[in-house]
Amino acid sequence: MFDLFTDYTLRTVALGAGILGIVSGVLGSFTVLRQQSLLGDAISHAALPGIVLAFLLTGSNESLPLILGAGLAGWIGTLLVRAIVRNTRIKNDGALGLVLSVFFGVGLMLLTYSQSRPDASQAGLDKFLFGQAAALLRNDVITMAILGGVAIVVVGLFWKEFKLLSFDPEFGRVLGFRMGAIDVLLTTLVVIAIVIGLQTVGVVLMSAMVVAPGAAARQWTDRLGVMVCLSALFGALAGVTGALLSSTGARLPTGPMIVLSASVIVVVSLLVAPNRGLLWDRTRSRSSALPAEEVAS
Amino acid sequence: MGRLTLRAVLAVCLLAALAACGPVHAGGAPDPEEIAAREINVVTTIAQIGDVVRNVAGDRVDLVELMGPGIDPHLYRASEGDVVSLADADIVFYNGLHLEAKMADVFEKMQGSVTTVAVTDEIDRNELLNPPEFEGAYDPHVWFDVSKWMSVTEVIRDSFVEIDPEHAQLYEDNARAYLAELEELDRYVAEQAQRTPEEQRVLITAHDAFNYFGNAYDFEVRGLQGISTASETGTADLSGLADFIVEREIPAIFVETSVPQRFVEALREAVAAQGSEVSIGGSLYSDAMGDAGTPEGTYIGMVRHNIDTIVAGLSGRSEGGES
Amino acid sequence: MAQAPATESLATGTDKGSAVSPSRPRDIAIEVMDLTAAYRDKPVLWDVDMSVPAGVLMAIVGPNGAGKTTLIKAILGLVDISAGRVLVGGKPYEQQRRRVAYVPQRGSVDWDFPTTVLDVVMMGRYGELGWIKRPGAREKQAAMEALDKVAMTDYAQRQISQLSGGQQQRVFLARSLVQDADVFLMDEPFQGVDATTERAIVTLLQELRDSGATVVCVHHDLQTVTEYFDWVTLLNVRRIASGPTRDVFTEENLRATYGGRMAWLKSASQTERSQD
């Protein structure tokens, strides 16, 4: 454990993974409550063609252009999902699945094409599929911190708007709020969270980070504020634990370790959380949560 | 849609599916007389092999190289176009030993219809490196030991002689000349290697591609990513390597053209955090060669570039450690 | 909390609708003109005219699929309309948002959401607060007062997932009370609530009406129309009839609306006749 402080690589990776955990935990809470868990998956898969195109257009495999490409592609994907739901008979999960697979397919196609280019520095795009957490640089962590910080500040500012959006968007519209704009804002923040995570856990695994901490946190509390904080904590815990585990042995890849840690947190929460945990129900007699008045049908 | 339209669509789909199956090759070796009269269709995977083919067969071949500069053969997936080229070839040369890991299926399907040759087949299995992480499989990066690549040249020569006996003399002459050049290269590399003081003869790169090099020319070799770039590095691997660098006071680490730079960057940062300094000694060609038309685009040129870069990087060492 | 115009006196809650003389000139709270709405080529509302005078307690009734909820939502601008206009207090709805309170169907939200009763009621004040500003002590105060009106102050900190159907309905009502509205649009406020809650809600609505507010409810129970509401609109894609209950709630109109379910109509019109 002390290595956490003395080992530079471990420190850098743990810090980056922790930031990722916090940001995806906060934003993941909202996607989980809005029953949009598939959104994280869709955005991260949709980011792939953006990454490859950014490389093909700029010729560089520096972090910044690739991240911008990823973000742009993911964002366009979400707009497309909205457009599909609004204008066709296809429902939300159908639209998400559609955009996910089409974008990802195009991304793989572009990736194969880029392999045939006589450009010596193209390698590394593959790494975005599963992440390359161990190679996080100081600049990467700084970028993540800044982007993540901005996202969290925005969540704090628009707290009641996001609550309204998640609970009763129609009522929000009646009150005069532009719920469409708020939806786009929240989704954009989710895109940012995912883009932060792509270098760490990769496209394929990122969806877990957006869903797991929020789902786990829901088990422990019925208050939104507590849930979001707990979700951030769980995310950070998963990130740091994953980094630590990866450092204990040779050839233990960091990205999957992080996701495994997050999964363990979810399973534990599902089983032992008070009131909602499955084991809790079995071992305690259920006291009625409803008041003495008659229950309406 | 109406019944008729539906059937038409299905018919089109069926035809398209049949067409996609592609031409079925007659199979078996082509007729020697027929081949002598025209260019031989050859497909190679990595450019190192292609270079040998060009040197042995010269103008007699129409050569298609699947993997160009900067391509990572561990991760390369054959496209539709590649499969067509393979099917049309008279002979296919590939490295073998699972280097072209994602093409294994394709080669299997080609068996029986196209002549495929794993150029490393004649190398004595006892001389192949068998690293523990790869349990049973061999390290495929044999081209860094020039003497092994001489064996590869012989295999290629023999293949051409077999398929085109009319021009056997041409192939043998060419091969002899090329083998002489390779022998000269082998000597050069060994000499240059000796110029680096023994304690500093440590080669650190992004992935474990240089084991044969280290074996043949007396270098200690360490890589970050393991034998294949398809695996992911863990933090322990990276910080362990950083510790090693600091401990042994290694002056330079090396980037590979087919592996992303950021790993090596991360390594350098880790070493810097321990107060030490290591420079990036230069870029080495590992799985791929340089651009065509440049000296590094040939096997010999590439090997020379590598050894020169390594020696220069490791020798530029003073007490304080300079970049 | 509704504002009280000076003229009306507070009537105590009675079972009969309040008998304001029909000859008295009134402001029009809601004016709907030529409203047409369609869902994928199928008309949901067709050329609907409706004039709701200020200070009435009106029911909108009709069979399933008649467009009742759509009408409410169209007035609120929640659904796209193909034709027609909506005026509230003589002006377009967008300019009058502050005056209009909405009580949606209970099933329109997920009651498993992690929040408290008080929190939901305070949402009614978000419009006043505008962007970014957080609710504070004043909003909390207003919310508690509203909860008092629906007899739910003890439940302020309760999780909404623990509420019964009747309690959920009351929370939604309280949420509408915290706005300074004088027009209330409610979608099936009596759906699935117990008898006690129903009585309490009726009393509340009548108090609102008596203090000068206009209350419009989509209502599903024909049996209670005459008892609770002084105005009624009969809707089945088209407006069949609209006006004071005693004038409009006739067997003939009901038949035109519901298309001949005799047992229903018989009992409904019998109730109406016995009131005269």
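Computed from the coordinates by the stated procedures, all read-outs in this text should not be read as laboratory data. The model shown is predicted, which means the values in this text are computed figures rather than measured ones. Please note: Cβ atoms are built from the backbone with ideal geometry, for glycine as well, and neighbour counts cover all protein chains shown.
Numerical summary
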{"item": "Cα Rg, Dmax (largest Cα-Cα span) when computed across region C:144-221, Å", "result": "12.1, 34"}
{"item": "Residue-by-residue Karplus 3J(HN,Hα) for region C:122-137, coefficients 6.51, -1.76, 1.60, Hz, glycine and proline x", "result": "5, 4, x, 8, 4, x, 5, 5, x, 5, 6, 4, 8, x, x, 4"}
{"item": "C:Ala37 long-range amide H proximity, modeled H, under 5 Å", "result": "C:Val44, C:Leu45, C:Trp46, C:Asp47, C:Ser82"}
{"item": "Sequence ranges A:146-155, A:184-193, B:53-62, ranked by mean other-Cβ count within 10 angstrom, highest first", "result": "A:184-193, B:53-62, A:146-155"}
{"item": "For A:174-187, mean number of other protein chain Cβ atoms within 10 Å", "result": "3"}
{"item": "Net charge contributed by nearby residues that have their C-beta within less than 14 Å of B:Asp121 (K/R +1, D/E -1)", "result": "-3"}
{"item": "Prolate/oblate/rounded label for region A:169-250 (Cα gyration tensor, a/c 1.5)", "result": "oblate"}
{"item": "Estimated vicinal HN-Hα couplings, Hz - region C:200-210 in sequence order (Karplus 6.51, -1.76, 1.60; Gly, Pro = x)", "result": "4, 5, 4, 4, 4, 4, 5, 5, 4, 4, 5"}
{"item": "Computed E for B:Glu127/A:Tyr113 - FRET, C-beta separation, R0 45 angstrom, nearest 0.05", "result": "0.70"}
{"item": "Expected-Rg normalisation [2.2 N^0.38 Å, Cα atoms] applied to chain B", "result": "1.16"}
{"item": "In nm, spacing of pseudo-spin labels at C:Thr153 and B:Ile280 (7 Å Cα→C-beta vector)", "result": "7.1 nm"}
{"item": "Two-decimal Rg/Rh across region A:3-296, once Rg and the Kirkwood Rh are taken from alpha-carbon atoms", "result": "1.01"}
{"item": "Prolate/oblate/rounded label for region B:132-178 (Cα gyration tensor, a/c 1.5)", "result": "oblate"}
{"item": "Shielding by partners - mean other protein chain Cβ count within 10 Å, residues of A:161-169", "result": "4"}
{"item": "Residues listed by number, region B:54-84, amide nitrogen under 12 Å from B:Glu39 label point at 7 Å toward C-beta", "result": "B:58-65"}
{"item": "Among beta bridges that DSSP assigns inside the protein assembly as shown, antiparallel share in %, nearest 5", "result": "35 percent"}
{"item": "Average beta carbon contacts from partner chains per residue of A:197-204, 10 Å cutoff", "result": "0"}
{"item": "Sites C:Ala256 and C:Asp80 - FRET efficiency at Förster radius 35 Å, r taken between beta-carbons, to 0.05", "result": "0.80"}
{"item": "Packing-based order for B:91-98, B:137-144, C:34-41, B:175-182, using average beta carbon neighbours within 10 Å, highest first", "result": "B:137-144, B:91-98, B:175-182, C:34-41"}
{"item": "For region B:3-188, share of DSSP beta bridges that run antiparallel, in % to the nearest 5", "result": "0 percent"}
{"item": "Kyte-Doolittle mean at least 1.6, axial Cα span of 20 Å or more - DSSP H helices of chain A", "result": "A:138-157, A:179-218, A:224-248, A:254-272"}
{"item": "Amide proton proximity set for C:Gly77, modelled H, under 5 Å, gap of 5+", "result": "none"}
{"item": "Rounded FRET efficiency, nearest 0.05, which uses the C-beta distance separating C:Asp180 from A:Lys91 and R0 of 51 Å", "result": "0.85"}
{"item": "Residues whose placed amide H lies under 5 Å from that of C:Val218, excluding near-sequence neighbours", "result": "C:Ile60, C:Met186, C:Asp187, C:Glu188"}
{"item": "Table column - 3J(HN,Hα) (Hz), region B:278-294, Karplus curve with 6.51, -1.76, 1.60, x for Gly and Pro", "result": "9, 9, 8, x, x, 9, 10, 8, 10, 7, 10, 9, x, 5, 4, x, 9"}
{"item": "Charge sum, other residues only, whose C-beta stays under 13 Å from B:Glu247's C-beta, Lys/Arg counted +1 and Asp/Glu -1", "result": "-2"}
{"item": "Calculated diffusion of region B:3-188, Stokes-Einstein form, Kirkwood radius summed over Cα pairs, 37 °C and 0.692 mPa s, µm²/s", "result": "180 µm²/s"}
{"item": "Scattering profile of region B:196-314 at q = 0.14, 0.16, 0.23 Å⁻¹ [log10 I(q)/I(0), Debye over alpha-carbon scatterers]", "result": "-0.55, -0.72, -1.43"}
{"item": "Distance in nm between pseudo-label sites at B:Tyr188 and C:Thr196 (7 Å out along the Cβ direction from Cα)", "result": "9.9 nm"}
{"item": "Only Lys, Arg (+1) and Asp, Glu (-1) charged, at Cβ; the protein assembly as shown dipole about Cα centre in debye", "result": "6380 debye"}
{"item": "Radius 10 Å from Cβ of C:Phe172, net charge of other residues (Lys, Arg +1; Asp, Glu -1)", "result": "+1"}
{"item": "By average C-beta atoms within 10 angstrom, highest first, the peptides C:185-196, C:241-252", "result": "C:185-196, C:241-252"}
{"item": "Kirkwood Rh (inverse of mean 1/r, distinct Cα pairs), the protein assembly as shown, angstrom", "result": "33.0 Å"}
